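So the structure is just underneath, and the comments pick up after that.
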Amino acid sequence: MAVRTAAAIAHPNIAFIKYWGNKDDLLRLPLNGSISMNLGTLHTRTIVSFRDELRCDTLKINGKEISGEALIRVRNFLQIIRSMSTENRFASVESINNFPIGAGIASSAAAFAALALAGSTAAGMELSEAECSRLARRGSGSACRSVPAGYSEWLAGEDDLSSLSVSIAAQDYWDLIDLIIIVSENHKKVGSTAGHALAATSPFQHSRVLSAPERLQECREAIQNRDFNRLADVSEKDCTMMHAVMMTQKPPLFYWEPLSLEIMKTIMEWRKDGIPCFATLDAGPNVHIICPASVSMALQPRLEKIAGVKEIIRSNIGGSAVLV
Ligand code: PMV
């Protein structure tokens, strides 16, 4: 049979209302819904080819042959694609990122969104956006938010069918910028999959999950009304709540570095002084500074002056995962 190939591009995303902890770890059904925006400047490009001659699935990231945990995760994901389709051959997967992986920029979100689209297409399926988002979720929860365009909401759902993301605003609806301060490029020691599984050991997780619907509502309305201060307040609070859970898990997860905290406090001061900006962090030490595009040019040089800041990656809002 002929080689069947497809390529796709997907963007990572940064969450305003975070996902932490599952009600089903295998299906990655989250305990609470979440809202994010896609990061348009950053992307993962993935090519999947199903071939007769392969004796196992293979994975290359940024030109390097990958083995171990990451390969097992991709193989398990390809197994889901094979079980959904008529394709039963092994596949080669080649991914290229234009940003550092494993340091708080959700590389797995872009990776599994691109893999879901390229893999399902190469396997002969034509998935709808909802079906593709659902499939991407199985590889990395937050990947389901990278499938639709612009601002996405992951509807937590009750089962495999109902847990998926939808776009709540297009990428040109509100021109926000993410200035990502790279505090460390080191690969994080504890990944989010292991972290989610221990979220319930924090005494704060229950109240965080219980109060998430209010923050989701607040965030949705802030985006719909382009109300930056509302978005800033609710996002900052939600980020701190997630990290409070992480820090009180057993064993505890401290993703913040001293410089991360320094930057967060500076940003809070600047906002008090009237500059529209706020900080948010995922499972890593890098700080995402969100601001309107109109102030981002003036803000970037100020951020560069903070002692210890070496690199800032600037991203606008991105579209959906697409075939290329
Ligand atoms: O999709 P995962 O398993 O990488 O989890 C992502 C978790 C956070 O980035 C910390 C929060 C989020 O909602 O993106």
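The values are calculated or read from the model by the stated rules, or taken from the named source; none is laboratory data. Since this is a predicted model, take the numbers as computed values, not measurements. Every residue, glycine as well, gets a Cβ built from its backbone with ideal geometry; the counts of neighbours run over all protein chains shown. Heavy atoms of the whole protein, side chains included, go into the accessibility calculation; ligands, DNA and RNA do not. Shrake-Rupley method; radii C 1.70, N 1.55, O 1.52, S 1.80 Å.
Annotations
- Members of segment 36-64 that are in contact with a Leu (Cβ under 8 Å, 6 or more places away or on another chain) and within 16 Å of Ile289 (Cα to Cα): Met37
- Among the residues making up segment 15-35, those that are touching a Pro at 6+ places or on another chain (Cβ under 9 Å) and within 11 Å of the ligand (Cβ to nearest atom) are Tyr19, Trp20, Gly21, Asn22, Asn32, Gly33.
- Being more than 25 Å from Leu31 (Cα to Cα), open to solvent by 60 Å² or more (accessible area, probe 1.4 Å) and hydroxyl-bearing (Ser, Thr, Tyr) is a description that does not apply to Ser207.
- Residues in segment 123-133 that are surrounded by fewer than 24 Cβ atoms within 10 Å (Cβ to Cβ) and either small (Gly, Ala, Ser) or free of Cβ contacts under 8 Å to residues at least 40 places away in the same chain (or both): Ala123, Gly124, Glu126, Leu127, Ser128, Ala130, Glu131.
- Among the candidates Ala244, Ala222, Ala232, Ala212, residue that is in contact with a Lys or Arg (Cβ under 6 Å, 6 or more places away or on another chain) and either over 20 Å from Leu179 (Cβ atoms) or modelled with pLDDT of 95 or more (or both): Ala222
- Listed conditions (1) more than 16 Å from the ligand (Cβ to nearest atom); (2) at pLDDT 95 or above are all met by Ala2, apart from (2).
- Residues in segment 163-197 that are small (Gly, Ala, Ser) and in contact with a Pro (Cβ under 9 Å, 6 or more places away or on another chain): Ser163, Ser165, Ser167, Ser184.
- Residues that are among the polar types (S, T, N, Q) and open to solvent by 20 Å² or more (accessible area, probe 1.4 Å) were ranked within segment 1-25; the one that is nearest to Lys60 (Cα to Cα) is Thr5.
- Unmet requirement for Arg137, which otherwise passes all of (1) within 25 Å of Val190 (Cβ to Cβ); (2) out of contact with any Lys or Arg (no Cβ under 7 Å at 6 or more places or on another chain); (3) modelled with pLDDT of 95 or more: (2)
- Residue in segment 86-106 that is of a type in the set (Phe, Trp, Tyr), away from the ligand (no atom under 16 Å from the Cβ), open to solvent by 10 Å² or more (accessible area, probe 1.4 Å) and not assigned by TED's automatic domain parsing to the domain that holds Cys239 present: yes
- Consider segment 172-187 and keep the residues that are open to solvent by 60 Å² or more (accessible area, probe 1.4 Å) and under 20 Å from Asn98 (Cα atoms). The one that is modelled with the highest pLDDT is Glu185.
- Hits in segment 36-53 - residues which are within 24 Å of Ala279 (Cβ to Cβ) and more than 10 Å from the ligand (Cβ to nearest atom): Met37, Asn38, Leu39, Gly40, Thr41, Leu42, His43
- Considering the conditions (1) β-branched (Val, Ile, Thr); (2) out of contact with any strand residue (DSSP E or B) (no Cβ under 9 Å at 6 or more places or on another chain); (3) over 20 Å from Trp154 (Cβ atoms), Ile47 is excluded by exactly one of them, (2).
- Strands (runs of 3 or more DSSP E) completely within segment 32-95 that count 1 or more residues being under 18 Å from Ala6 (Cα atoms) and at pLDDT below 95: 58-61
- Test: residue in segment 134-148 that is in a loop (DSSP other than H, G, I, E, B), in contact with an Asp or Glu (Cβ under 7 Å, 6 or more places away or on another chain), open to solvent by less than 10 Å² (accessible area, probe 1.4 Å) and of a type in the set (Val, Ile, Thr): yes
- Test: residue in segment 226-242 that is more than 16 Å from the ligand (Cβ to nearest atom) and part of a loop (DSSP other than H, G, I, E, B): yes
- Set side by side, the residues Leu253, Leu216 differ, and just one is within 15 Å of the ligand (Cβ to nearest atom), touching a Gly at 6+ places or on another chain (Cβ under 9 Å) and assigned to a loop (DSSP other than H, G, I, E, B), which is Leu253.
- Segment 256-287, subset open to solvent by 60 Å² or more (accessible area, probe 1.4 Å) and part of a helix (DSSP H, G or I), residue farthest from Ser192 (Cα to Cα): Lys272
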